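Enquirer: Structure incoming, see below.
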Amino acid sequence: MKRILQSGIVIAAGILGFAAASAHADQDFTTTRKKFDLREAILRRFLKENHSPAENFAGVFVAEADAHGLDWRLLPSLALIETGAGKQSRYNNLFGWANGKTRFGSISEAIHEVATGLAEGRSYRNKDLLSKLHSYNRNRGYATLVTDVMARISNHPSPRPAE
C-alpha cells in the first residue's frame, strides 16, 4: 500500500510539473519583462481599441522593432492597413507579406520575420522609412496611410522605457 501511494505521488508530481512547464512555454515572453515600457502600453491600448487579435503581442512588436532598428509603430501600422491588425489575416500573416502568400507558424514568428526582412532584406536594407514603405507597396498614397496610422498610435517616435 505504501509503495502504491508513493508511486502515485511521484506520477502526480510529474504530471503537474509537465503542465507547469507547458504553460510556461506558451506564455508571452513580454509578460515577464521587469521594466515598464510606455510604448508597449500605448500600443496594447491602440490594438485593443481596434479589436486586434494581435493585442497580446504589443511587447513583441516593440521588442522586434528595437532589435532591428525600426520605428516601434511601423509593424503594427502595416498590420492594421494590410489585415485590420490581424482580423483578416491568413496563416498568421498580419502584414500581407509576399502578397499574403507567406505562412507563419505564429504571430510572433510573423512579427520577427517581417521585422528582419524590413531591416536586412535586399529591397529594404539601408533605406529610410519612406523608402522602405515605397518598396513595401508602390501604390500611390500607401506611405501616407502607414505614417497616418503611426501618428494615430503615438505622435512620439520613441518614448523611453522606464529605468
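The values are calculated or read from the model by the stated rules, or taken from the named source; none is laboratory data. Given the structure is predicted, the values throughout are model-derived calculations rather than measurements. Here the Cβ is made from the backbone with ideal geometry for all residues, glycine too, and neighbour counts use every protein chain on show.
Enquirer: Please state which of the following conditions D148 fails to meet, knowing it meets all the rest: (1) assigned to a loop (DSSP other than H, G, I, E, B); (2) without any contact (Cβ under 8 Å) to a residue 12 or more places away in the chain.
Expert: (1)
Enquirer: Now for a separate question. If a residue must be surrounded by 24 or more Cβ atoms within 10 Å (Cβ to Cβ) and not hydrophobic (A, V, I, L, M, F, W, C), how many such residues does segment 78-91 contain?
Expert: Residues meeting the conditions: 1.
Enquirer: Looking only at segment 51-90, which residues are part of a helix (DSSP H, G or I) and of a type in the set (S, T, Y)?
Expert: S77, T83
Enquirer: Among the residues of segment 69-105 satisfying the criterion of being at pLDDT 90 or above and small (G, A, S), which is farthest from S154 (Cα to Cα)?
Expert: Out of the qualifying residues, it is G105.
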